[in-house]
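Enquirer: This is the structure, below, for whatever I ask next.
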Amino acid sequence: MVTDGRIWVPYPLEQLAPLPGKLDKGDGTGSIVDVYDGVGGPVPDTAADVEFYVLPYMFDRPPLDRIAEMPRLRVIQTLTAGYEHVLPYLPPGVTLCNGRGIHETSTAELALALTLAALRDIPAFVRGQDAGEWRSGFYPALADKRVLIVGYGAIGEAVDRRLQGFEVDVVRVARSARFGPHGPVRAMADLPELLPHADVVILTIPLTADTRGLVDADFLSRLPDGALVVNVARGAVVDTDALLTELRTGRVRAALDVTEPEPLPADHPLRFAPGVLISPHVGGSSSAFLPRALRLIREQLERWSEGMAPANIVRD
C-alpha cells in the first residue's frame, strides 16, 4: 500500500530500476525510497517514517538495531534465507519476509561442489600440487551413493534438482511427510531408520529451536562408517563437539560451509580435524546472488505499491 512513508533499500536506485511507478523516485509522489547499505554509506535521517525495510545482506547488528528507530514499520524484508537473527529485533505486528528465491541456485551449487570435492579429495590434490606431488589412485565417487537431504525446502529441492543425473539414490526428509516434485519426502521422525543407510547427508534445514543441535552424537552414531556430512544450513544445526569426536576417529567426514562458532577461530580444533573440508559461509555469496536479490526487491516493492500482501511471509 503506497503511503507517504519511507522505504529503505540497500542498493542504489539505478540498480533497482525500473521501480514501480507508484513509488517516489524524487518527484514527491507515493512512498519515498531511501538507500541504506548498512556498511559505509550514509544513514538516512528518515527512520521514524520507514514502513518497509529491506535489510542489507549481512548479519551485523547495526542494521538490526535500526529497527527500534522505526515506529511506523510494517514490513521487514531479509535478503537471507534464514531469519533467526532477525527474530529478537522483530516488533509485534510487523510482517517478516525472507529471501526465498535468492539463494537456492548458489547454495545448491556449493552443496554439490563440497560433496564432490570431499568425496574425490580435491583438497589433497591441491596440497599435492603445492608440494610437487602426483597423488594418483582411486577415490570415492558420488555415483551409486545414497544421499539424504535433511530439510526439503526451496534449497533442499534445488540440491535435489542438481543431483539428478549423478546416478545417486536421493532420500528427502522434511518436518512432515509429503510427495515432492522429485518423489516422496519422509518425515523427520523417520531419521533414525534412514541414517544407517546414508552415504552422504546434506543439511539444508533452517535453524530453529527444534533443529539446533540436531546432528548430535546419537545422529552421527547412526551413520555408517565413511559417511559424509555436508552442512550448508547453519552451523548450530550440528553439535561441534560431537562432530569433532567422530572426525577424530576417522569414522565420518564432513564438508562444512557453516560452523559453530562462526567465524571459526584460527586455532579452533575443527580446522585441524582429519577428514573435514571447510568453506567460509559462502553458500549464498556468488555472482548468482545480486540479480536474484534485485529481482525479489522489485517484486516486493511492486506488491507494496499495488496494496498487495508481500511474498515470502515467515512471520506476520
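Yes/no per residue for (1) over 24 Å from Arg234 (Cα atoms); (2) without any contact (Cβ under 8 Å) to a residue 40 or more places away in the chain; (3) of a type in the set (A, V, I, L, M, F, W, C):
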{"position": "Asp267", "(1), (2), (3)": "no, yes, no"}
{"position": "Leu277", "(1), (2), (3)": "no, no, yes"}
{"position": "Val282", "(1), (2), (3)": "no, no, yes"}
{"position": "Ala288", "(1), (2), (3)": "no, no, yes"}
{"position": "Met308", "(1), (2), (3)": "yes, yes, yes"}
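Enquirer: Go through segment 16-51 and count every residue that is surrounded by 15 or more Cβ atoms within 10 Å (Cβ to Cβ), over 20 Å from Ile67 (Cβ atoms) and modelled with pLDDT of 85 or more.
Expert: 1
Enquirer: Take Phe138 and decide whether it is more than 20 Å from the chain's Cα centre (by Cα), over 25 Å from Ser31 (Cα atoms) and surrounded by fewer than 16 Cβ atoms within 10 Å (Cβ to Cβ).
Expert: yes
Enquirer: Among the residues of segment 77-123, write down those that are outside any helix (DSSP H, G or I) and of a type in the set (Lys, Arg).
Expert: Arg100
Enquirer: Let me ask something else about it. Arg303 - would you say it is under 21 Å from the mean Cα position of the chain (by Cα), more than 16 Å from Ala236 (Cα to Cα) and of a type in the set (Lys, Arg)?
Expert: The answer is no for Arg303.
Enquirer: What about Thr107, is it surrounded by fewer than 16 Cβ atoms within 10 Å (Cβ to Cβ) and either closer than 16 Å to Val237 by Cα or in contact (Cβ under 8 Å) with a residue 60 or more places away in the chain (or both)?
Expert: no
Enquirer: Might you let me know whether segment 293-304 holds any residue that is in contact (Cβ under 8 Å) with a residue 60 or more places away in the chain, among the aliphatic types (A, V, I, L, M) and surrounded by fewer than 16 Cβ atoms within 10 Å (Cβ to Cβ)?
Expert: no
Let's see how each residue does on (1) outside any helix (DSSP H, G or I); (2) more than 22 Å from the chain's Cα centre (by Cα); (3) without any contact (Cβ under 8 Å) to a residue 24 or more places away in the chain:
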| site | (1), (2), (3) |
| --- | --- |
| Pro184 | yes, yes, yes |
| Ala189 | no, yes, yes |
| Pro192 | no, yes, no |
| Pro196 | no, yes, no |
| Val201 | yes, no, no |
| Gly213 | yes, no, no |
| Asp218 | no, yes, yes |
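Enquirer: Among the candidates Phe289, Phe219, single out the residue that is surrounded by 16 or more Cβ atoms within 10 Å (Cβ to Cβ), closer than 20 Å to Tyr57 by Cα and not aliphatic (A, V, I, L, M).
Expert: The match here is Phe289.
Enquirer: Hey, another quick one. Filter segment 124-151 down to the residues that are touching a helix residue (DSSP H, G or I) at 6+ places or on another chain (Cβ under 9 Å) and outside any loop (DSSP other than H, G, I, E, B), then identify the one that is nearest to Pro206 (Cα to Cα).
Expert: Per the criteria, the residue is Val150.
The values are calculated or read from the model by the stated rules, or taken from the named source; none is laboratory data. Since this is a predicted model, take the numbers as computed values, not measurements. Glycine also receives a Cβ, built like all others from the backbone with ideal geometry; neighbour counts cover every protein chain displayed.
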